[in-house]
Amino acid sequence: MSCLSKKKYRYNPDTLSYEEVSRSPIVRIIRVVLWVSPSIAMGIVLAYFFTRKLDSPKELFLKKEIETYRKEIDRLNADISLVNVVLEGIQKRDEELYRVALFADEFPDELKNSEAAESKKYAYLDGLTNSTLLQRTSARMDELERRIHGQSISFKELISLAKNKDKMLASIPAIQPVSNKNLKHMASGYGYRIDPIYKTRRMHTGMDFTARIGTEVYVTGDGVVESVETSGWGYGKCIVVNHGFGYKTRYAHLSAFNVLRGDKVARGQLIGLVGNTGKSTGPHLHYEVEHNGEKVNPVHYYHSDLTPAQYEKLIQMSQNSFRAFD
């Protein structure tokens, strides 16, 4: 019989007898609660310990799996860093070697340098375990993909240029338009000069070679005659040759033509004769080189028929000339 059901007695001195002690229901309930509360508290403590402090086998497996993923993502980030270093080396060779050797223009920065993606692009990863690491890795992967794509475009361009290298090298202006024996008669170089007519400082966009009327003028690279023009002012009798690959050359103030519009010409071919036509103060050839629509210094394109000493002399003469002939 349970101890809670035992009857309790109390001695009454007045009646000299034991009387049964009666308890109210509330007291009985309180006594029961006090009796079982330690067990309940202990059960709660043990339940918390086993459910919060000790992982289940499934939870242990998931934690191990998450840690494995984290390590793999760290390894992936290390690989991305290595690929970026290699890619930077490739881009450097692209800019400083391949493009220089193939006379290619500088690769556009917007394709070479990738832009960072918007952070909201990776918002779907918020709330996941290691979400910050996942977002950073995804952003780096996207950046690497854009850089590789840009480099592939550059290589396609270079491959195309390499296939046409022989044609390109033959087309780029690379000789003097007049014979070397007339080198000492170069009158004016590229840059700001005093205009012989207006006596003002103006940009001279070519090089002037003084020579006798009738001196032979040679085309400086393979190409197609784009125009043969005659004007009473300006360039006078003038030939423009389109060499392709962004290059054009102009031969002005001629006395006679030896080609027609549309003719194909080869480097060193006679195309005209020196004259004194148009805006000219004396017999000479005005020679210009244009690359991608911009007139550039022709002195940088004499490398096929000059010795180093002659080239240095040419540069010195062009820099010391302060007056143009046209």
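Worth a mention:
- Between Glu72 and His300, the simple spin-label model (points 7 angstrom out along Cα→Cβ) gives 5.2 nm.
- Highest-first arrangement of 292-302, 80-90, where packing means the average Cβ count within 10 Å: 292-302, 80-90
- The slack between Lys156 and Glu95, meaning 0.36 nm per residue of separation minus the straight C-alpha distance, is 20.5 nm.
- Exposure proxy ranking, count of Cβ atoms within 10 Å, fewest first, for Phe257, Phe103: Phe103, Phe257
- Placing dummy labels 7 Å off each Cα toward the beta-carbon, the span from Ser179 to Ala266 is 2.1 nm.
- Proxy reagent accessibility, fewest Cβ within 10 Å first, across Met207, Met42, Met168: Met42, Met168, Met207
- Links that overshoot a 25 Å alpha carbon limit, given the list Lys248/Lys279; Lys63/Lys121; Lys121/Lys156; Lys167/Lys264; Lys165/Lys264; Lys165/Lys295: Lys63/Lys121; Lys121/Lys156
- Each residue in Leu133, Leu97, Leu285, Leu273 was given a count of other beta-carbon atoms within 10 angstrom of its own, and listing them fewest first yields Leu97, Leu133, Leu273, Leu285.
All of the numbers you see were taken from the coordinates with simple rules; none came from a lab. Everything numeric in this text was worked out from a predicted model, so none of it was measured. Don't worry about glycine lacking a Cβ; one is built from the backbone with ideal geometry, like all the others, and counts go over all protein chains shown.
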